[in-house]
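The values are calculated or read from the model by the stated rules, or taken from the named source; none is laboratory data. Keep in mind the model is a prediction, meaning the values are calculated, not measured. Using ideal geometry, Cβ is built from the backbone for each residue, glycine included, and neighbour counts are taken over all protein chains shown.
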Amino acid sequence: MIKNQITIREKKVEINYFQQGQGGTALLFLHGWCIDAMYWKDQVDYFSKTYHVFAIDLPGFGKSKAERINWTIEEYAHDVTAFIDAMNLENVVIIGHSMAGEIMLQAALSNNPKIVGVVGVDNFKFIDVAFTSEQIKQMTDFFSMLEKDFKHSAPVYAERMLFHPTTSEEVKNRVKTDIANSHPVVGHGTFMNLMQFASIEAQKLEQLNYKLNLINCDYFPTNETGLQNHCKNGFQVETITATGHYPMIEKPTEFNSLLEKVLTGMQYNCCSSSR
């Protein structure tokens with residue numbers, strides 16, 4: 001992958017990105033919480049044969065930087081749309097993993113005409129799911145631990161919540177190391193803002209002018225009833241089995257096949273609707 005950098009948003013944000021391939025459609029891969037663009041290496045290599053492919057480090061992670069104190073979903077969405085505009089991208093499909101699903105959603109709500117579709121990866125699984133008081137207490141206790149000792153608490157969260165019994169030790173160690181080495185202020189700030197955004201996710205989905213495409217793992221089931229209640233332009237869930245939260249590195253071949261199916265379907269629907 002070819003690494004590049006660009007400064008955006010009045011020179012306050014520096015984006016490290018990888019670019020590969022050519023084509024009339026641009027794929028923009030956004031990574032999840034406390035990891036980086038290198039998690040998309042297999043996808044960049046595979047899809048650059050057909051598409052113009054980009055994968056960016058979100059500010060505060062990898063080698064991207066930003067002058068800010070608020071690490072909100074809204075700020076990240078501004079980064080994404082600013083990157084699209086600065087790079088003069090056209091026909092952009094955003095693929096957002098984990099936390100980046102919310103960033104993708106918020107960016108799509110900007111109604112930037114250059115964005116033509118969205119694909120979430122292991123997100124929007126708990127729309128309209130009510131948590132028990134015990135689950136809420138466990139989350140609240142964890143938030144406190146995360147604030148006090150991010151470096152040690154965050155990998156514990158990953159071990160408990162983000163892996164499947166079949167997830168390899170290699171993947172586990174990579175993820176936990178990257179999370180532990182993330183900047184604690186950015187890691188904690190993004191996590192807490194993500195939790196706040198979750199409370200308005202359903203409302204945001206109702207405003208989405210695109211079909212919501214998802215490739216979700218089955219270690220926690222997706223509540224499709226919630227998606228049906230709120231996705232006014234429809235949704236589609238492709239399920240990848242026996243992986244944890246990182247299917248793009250756990251089962252890259254199967255993941256690429258599912259994403260290719262989703263992208264082909266999006267192109268077909270686009271062509272059909274234009275007739």
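The single condition among (1) closer than 25 Å to ASP45 by Cα; (2) in contact with a helix residue (DSSP H, G or I) (Cβ under 6 Å, 6 or more places away or on another chain) that THR239 does not meet is (2).
Rundown of residues vs (1) within 17 Å of the chain's Cα centre (by Cα); (2) not charged (D, E, K, R), yes/no style:
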residue: SER144; (1), (2): no, yes
residue: ARG160; (1), (2): no, no
residue: SER168; (1), (2): no, yes
residue: VAL171; (1), (2): no, yes
residue: PRO184; (1), (2): no, yes
residue: LEU194; (1), (2): yes, yes
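Restricting ALA86, ALA82 to residues that are of a type outside the set (D, E, K, R) and under 19 Å from the mean Cα position of the chain (by Cα) narrows the list to ALA82. Among the residues of segment 2-18, the one identified as surrounded by 17 or more Cβ atoms within 10 Å (Cβ to Cβ) and not in a strand (DSSP E or B) is ARG9. For segment 113-130, the criterion of a residue being farther than 19 Å from ILE56 by Cα and among the charged types (D, E, K, R) is satisfied by at least one position. If the condition is being under 22 Å from VAL129 (Cα atoms), crowded, with 19+ Cβ neighbours inside 10 Å and among the small types (Gly, Ala, Ser), then segment 148-200 contributes only ALA158. On inspection, GLU90 qualifies as surrounded by fewer than 21 Cβ atoms within 10 Å (Cβ to Cβ) and in contact with a Gly (Cβ under 9 Å, 6 or more places away or on another chain).
Taking helices (runs of 4 or more DSSP H) as the structural unit, those lying wholly within segment 160-275 and holding at least 3 residues that are without any contact (Cβ under 8 Å) to a residue 40 or more places away in the chain and within 24 Å of LEU28 (Cβ to Cβ) correspond to 252-273. Do we have PHE143 as crowded, with 18+ Cβ neighbours inside 10 Å and aromatic (Phe, Trp, Tyr) here? In short, no. Could you check, for segment 22-45, whether at least one of its residues is surrounded by fewer than 20 Cβ atoms within 10 Å (Cβ to Cβ), touching a strand residue (DSSP E or B) at 6+ places or on another chain (Cβ under 6 Å), of a type in the set (Gly, Ala, Ser) and modelled with pLDDT under 95? So far as segment 22-45 goes, yes, one or more of its residues are surrounded by fewer than 20 Cβ atoms within 10 Å (Cβ to Cβ), touching a strand residue (DSSP E or B) at 6+ places or on another chain (Cβ under 6 Å), of a type in the set (Gly, Ala, Ser) and modelled with pLDDT under 95. Exactly one residue out of LEU146, LEU58, LEU109, LEU89 is out of contact with any Leu (no Cβ under 9 Å at 6 or more places or on another chain) and in contact (Cβ under 8 Å) with a residue 12 or more places away in the chain: that is LEU146. From the list LYS211, LYS232, the one residue that fits, being in contact with an Asp or Glu (Cβ under 9 Å, 6 or more places away or on another chain) and either surrounded by fewer than 18 Cβ atoms within 10 Å (Cβ to Cβ) or farther than 22 Å from GLU254 by Cα (or both), is LYS232.
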